[in-house]
1. Which angle between 0 and 90 degrees, to the nearest 10, do you get for helix 141-167 versus the longest principal axis of the chain when only C-alpha atoms count?
2. Would you mind computing, in nm to one decimal, how far apart the modelled labels at Glu65 and Ser2 are, each placed 7 Å from Cα along Cα→Cβ?
3. Can you give me the distance in nm between label points at Ala153 and Leu197, each placed 7 Å from the Cα along the Cα-to-Cβ direction?
4. Report the rotationally averaged projected area of the stretch 1-54 based on its alpha-carbon convex hull, in square nanometres.
5. For the chain, taking Cα atoms only, what is the radius of gyration to one decimal and the Dmax to the nearest whole Å?
6. How would you order 14-25, 105-116 from highest to lowest mean count of nearby Cβ atoms within 10 Å?
7. Give the peptides 150-160, 180-190, 26-36 in descending order of average Cβ contacts within 10 Å, highest first.
8. Give me the base-10 log of I(q)/I(0) for the stretch 115-198 at each q in 0.19, 0.22, 0.27 Å⁻¹, Debye formula, one uniform scatterer per Cα, rounded to two decimals.
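Every read-out reported here was derived from the displayed coordinates using simple, explicitly stated rules and does not represent laboratory data. Just so you know, these numbers come straight off a predicted model, no measurement behind them. Counting neighbours? That spans all protein chains shown, and the Cβs are built from the backbone with ideal geometry, glycine included.
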Amino acid sequence: MSYDDVRIGAFLDDVASERVAPAGGTVVAVAGAMGAALCEMACIHTTNAGEASDATVRQGDGAAERSFEVIRDDLARQRRELLALAAQDATLVDELFGGDGEPTDRLAKRASGIPLATAESSLAVLEDAAAVVERGRSGVAADARAGAYLADAAVQASLSTVRVNAAALSDHSFAETMTDRADAVSSSAAEVRSEILSDDCSGR
């Protein structure tokens, strides 16, 4: 299964149907990919207008200076990753709910692992989006901010799924690892969200 060439209308028809998939996890991953695409567009217009400068993107407790071309490439990579995760989630949901019997332990763990990967990838988009909002061309700042909000929504929705599914796991050690990683993503996203809201309030 792949969502690389699926038309938006057809995708939404599939979501709004009696089928078990695509469901929430797939939709959320696609939303994160859309956020990445918007920020890619903002990078392109900024570069083409000759307004690009080195942008600082936070990476953990440190920081790295990266050009808009590099940021754009990173966003494109995350967009592809999120579309792949969307397909993985749809396949997982089909396996979980489309068959008979109880889900296996492997499938139950993937029900936490895939949304966690979606949250982590969407966080990377959100971090890049913050730099684009701050340093990008003013004419596309609203587009970059819209992309950031889509990525942030994907982070939050995915983390909610991680926590719900992890709580149902019989492997408590694995569940704790998933929850700890989810908490780390949530904390990082909150910091970036605060930066973007600050720029928003300043009228950037």
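1. With both axes taken from Cα atoms, the answer is about 30 degrees.
2. According to this spin-label approximation, the distance is 3.9 nm.
3. Taking the simple label geometry, Ala153 and Leu197 are separated by 1.7 nm.
4. Convex hull of Cα atoms, orientation-averaged projection: 5.1 nm².
5. Values for the chain (Cα only, Rg and Dmax): 17.7, 59 Å.
6. Sorting 14-25, 105-116 by mean packing, highest first, produces 105-116, 14-25.
7. Descending packing order for the listed peptides: 26-36, 150-160, 180-190.
8. Taking Cα atoms of the stretch 115-198 as identical point scatterers yields -0.75, -0.91, -1.20.
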